[in-house]
Amino acid sequence: MTAKTQHGLSAEQVKQFHDEGFLVVEDLIDPEMIVRLEAGITAEIDSLCEDLVSTGALSSGRTEEPFNRRLSSITQESKAVVSRITDGALAIPAIFELIAYPPLLDVAESLCGPELIASSVYRLRPKLPNYGPGVVPWHQDSGYFEPYCDSSLILTCWIPLVDADANNGCLEVLKYGHRGPVVKHGSGDHHFLKIETTDLPEGEIVTVPVRRGGVLLLSNLTPHCSTPNNSEGIRWSMDLRYQSASLPTNAPITRLPEELLDGDAPLACYPPEADVLIRSQKRPDQVISSPEQFEQIRNGHIPGAITERWGDPSMWRPGGRRWTGHALKQKETAV
């Protein structure tokens with residue numbers, strides 16, 4: 001289940017991923033990269049707290065608290081900060097640095113090919129102790145995507161910023177559960193999609209601890225869930241997504257002849273958020289290479305409609321949960 005790599009995946013690792021539906025790659029993310037990401041998150045928390053304190057909505061920014069506890073202390077008084085950085089709301093340069101991190105792209109290229117799209121469907125997840133929205137029910141990522149893309153790989157890279165284990169809320173995956181189609185999803189708590197246990201495909205439930213610096217790779221068809229955080233610290237993590245440029249994408253690229261799609265193809269596998277070309281051998285001039293370019297594309301993106309494969313999406317994923325570039329500029333004082 002666990003593997004280590006320096007330059008992409010080996011043939012054995014690729015086989016294991018396709019056979020089991022997931023793979024842990026140890027020590028892929030350099031500690032300095034994680035420190036830069038933590039520093040960027042901390043600076044954003046500082047700024048948000050300063051605004052809240054100035055308006056009287058927060059008594060203190062809790063700057064004396066360590067990174068793995070500070071947000072919990074703040075959230076006990078106000079949820080404004082956690083709501084402003086959770087999921088895809090935060091777009092700091094360090095997040096783009098992680099998305100474009102060469103060793104991570106090497107791994108993604110091993111599975112998705114050299115013409116590589118990165119999706120803005122990235123999520124920052126500070127799982128606070130005993131905090132309901134941090135627990136994500138069983139689902140397949142394809143449940144959120146357009147059905148057209150079900151048969152193609154959209155790679156999820158789950159990256160803990162701390163050692164993640166069963167105590168602080170690591171993921172559980174259904175080994176071999178990716179071998180069938182997308183199963184029925186319903187509405188779960190906190191606007192998540194949910195697979196009822198009676199609808200889970202055949203497979204073996206595996207608890208997957210991942211150390212800081214490691215990455216859990218998941219197929220978009222692999223059922224997985226996030227378990228409760230029973231520790232005293234915050235289980236910080238990010239999940240990023242990559243796909244081949246041959247799939248539907250709203251990235252601003254010139255499609256190659258071999259990438260032309262039929263008339264039934266959607267605008268993107270996940271139209272609400274923007275895609276970017278993050279690595280390319282055949283059109284390197286179209287690769288997004290800076291945080292400023294990334295932010296410009298995100299801010300200029302007009303969100304497309306979310307999939308209606310489960311009926312009216314407002315019943316399970318209200319529009320208010322979606323990221324928009326303009327929302328990033330808003331200042332909140334309370335939630």
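The values are calculated or read from the model by the stated rules, or taken from the named source; none is laboratory data. Since we're looking at a predicted model, the values are computed, not measured. Ideal geometry is used to build each Cβ from the backbone, glycine not excepted, and the neighbour counts take in all protein chains shown. Heads up: the accessible areas ignore ligands, DNA and RNA and are worked out on the full protein's heavy atoms, side chains in. Shrake-Rupley method; radii C 1.70, N 1.55, O 1.52, S 1.80 Å.
For segment 53-91, give me the residue count where each residue is basic (Lys, Arg) and at pLDDT below 95. Give the steps one after another, and end with the answer.
First, the residues of segment 53-91 that are basic (Lys, Arg): 62, 69-70, 79, 84.
With the extra rule that they be at pLDDT below 95, the set shrinks to 79, 84.
Residues flagged as basic (Lys, Arg) and at pLDDT below 95 within segment 53-91 amount to 2.
Looking at Arg317, Arg309, can you tell me which residue is modelled with pLDDT under 95, open to solvent by 40 Å² or more (accessible area, probe 1.4 Å) and either part of a loop (DSSP other than H, G, I, E, B) or on the phi > 0 side of the Ramachandran plot (or both)? Explain how you work it out, then say what you get.
On the way: Arg317 fails: open to solvent by 40 Å² or more (accessible area, probe 1.4 Å).
Residue meeting the stated conditions: Arg309.
Determine if segment 241-258 includes at least one residue that is aromatic (Phe, Trp, Tyr), at pLDDT below 95 and within 23 Å of Ala94 (Cβ to Cβ). The answer is no; no qualifying residue exists.
Please work out which residue is modelled with the lowest pLDDT, limiting yourself to segment 118-134 and to residues that are under 14 Å from the mean Cα position of the chain (by Cα) and among the aliphatic types (A, V, I, L, M). Looking at residues that are under 14 Å from the mean Cα position of the chain (by Cα) and among the aliphatic types (A, V, I, L, M), I get Val121. For segment 35-75, residues that are open to solvent by less than 40 Å² (accessible area, probe 1.4 Å) and within 19 Å of the chain's Cα centre (by Cα) total 4.
Could you list all residues from segment 64-89 that are among the small types (Gly, Ala, Ser), assigned to a helix (DSSP H, G or I) and touching a Lys or Arg at 6+ places or on another chain (Cβ under 8 Å)?
Pass one, segment 64-89, residues among the small types (Gly, Ala, Ser): 72-73, 78, 80, 83, 88-89.
Then keep just the ones that are assigned to a helix (DSSP H, G or I); that gives 72-73, 80, 83.
Matches in segment 64-89: Ser73 only.
Can you name every residue in segment 211-266 that is among the β-branched types (Val, Ile, Thr) and either assigned to a loop (DSSP other than H, G, I, E, B) or in contact with an Asp or Glu (Cβ under 8 Å, 6 or more places away or on another chain) (or both)? I'd like the intermediate steps shown before the answer.
Filtering segment 211-266 for residues among the β-branched types (Val, Ile, Thr) gives 215, 222, 227, 234, 249, 253-254.
Within segment 211-266, Thr222, Thr227, Ile234, Thr249, Ile253, Thr254 meet the criteria.
Tallying residues that are of a type in the set (Gly, Ala, Ser) and at positive phi within segment 35-84 yields 1.
Taking first residues from segment 8-21 that are modelled with pLDDT of 95 or more and partners that are crowded, with 17+ Cβ neighbours inside 10 Å and in a loop (DSSP other than H, G, I, E, B), the Cβ contacts under 6 Å between residues at least 6 apart in sequence or on separate chains come to Gly21/Ser219; Gly21/Thr222. Annotation note: of Ser231, Ser237, Ser244, the sole residue that is within 30 Å of Ala164 (Cα to Cα), open to solvent by less than 20 Å² (accessible area, probe 1.4 Å) and of a type in the set (Ser, Thr, Tyr) is Ser237. Residues of segment 267-296 that are part of a helix (DSSP H, G or I) and open to solvent by less than 40 Å² (accessible area, probe 1.4 Å): Pro291, Phe294. Checked against (1) at pLDDT below 95; (2) open to solvent by 50 Å² or more (accessible area, probe 1.4 Å); (3) more than 23 Å from His190 (Cβ to Cβ), Glu332 passes all but condition (3). A count restricted to segment 76-89 and to residues that are open to solvent by less than 10 Å² (accessible area, probe 1.4 Å) and more than 21 Å from Pro129 (Cβ to Cβ) stands at 1.
Looking at Ala100, Ala94, Ala166, just one residue is at pLDDT 95 or above and closer than 30 Å to Ser54 by Cα, and that residue is Ala94.
Could you tell me which of the residues Gly186, Gly263, Gly213 is over 21 Å from the mean Cα position of the chain (by Cα) and either under 19 Å from Asp150 (Cβ atoms) or touching a residue at least 60 places away in the same chain (Cβ under 8 Å) (or both)?
Numbers: Gly186 fails: over 21 Å from the mean Cα position of the chain (by Cα); Gly213 fails: over 21 Å from the mean Cα position of the chain (by Cα).
Checking each option against the conditions leaves just Gly263.
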